Amino acid sequence: MSAFANIILTVSLAVATAPQVAAADDAVQLSSAAAVSATDYKGKMLYTASGDRLAAVYRVAADGAAQIILNGKMVVVPAASLAAADGKLVTSLSKRDLLTAH
């Protein structure tokens, strides 16, 4: 009976610590979101921070910048402005910022 009690204790401890391990994994995932690579999102929609759709990622430059076609112009979205949020590629720049940048 003592061996059975040890097994139950081990299983209950493992179950009790599982949410803490999952929370630690989430924390790692959130902190690594800043180092997003646009290559993972090639062909997928790029969004502004406010949630507006911009355009699909057409090409990815060697430095990690996303290139999109916006209002008929090829626009480079700097890699430093890109982040992943809820599985989507998001830029901190607005559409106006992207169209007026040279």
Item checked: Residues (surrounded by fewer than 18 Cβ atoms within 10 Å (Cβ to Cβ) and part of a strand (DSSP E or B)) located in the stretch 68-89 -> ILE69, LEU70, LYS73, MET74, VAL76, ALA83, ALA85, LYS88
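Checking the conditions here, which among ALA66, ALA34, ALA16, ALA38 is closer than 18 Å to LEU93 by Cα and either among the basic types (Lys, Arg) or at pLDDT below 60 (or both)?
Values: ALA66 fails: either among the basic types (Lys, Arg) or at pLDDT below 60 (or both); ALA16 fails: closer than 18 Å to LEU93 by Cα; ALA38 fails: either among the basic types (Lys, Arg) or at pLDDT below 60 (or both).
Going through ALA66, ALA34, ALA16, ALA38 in turn, just one is closer than 18 Å to LEU93 by Cα and either among the basic types (Lys, Arg) or at pLDDT below 60 (or both): ALA34.
The values are calculated or read from the model by the stated rules, or taken from the named source; none is laboratory data. From a predicted model like this one, the values you see are computed outputs, not experimental measurements. Don't worry about glycine lacking a Cβ; one is built from the backbone with ideal geometry, like all the others, and counts go over all protein chains shown.
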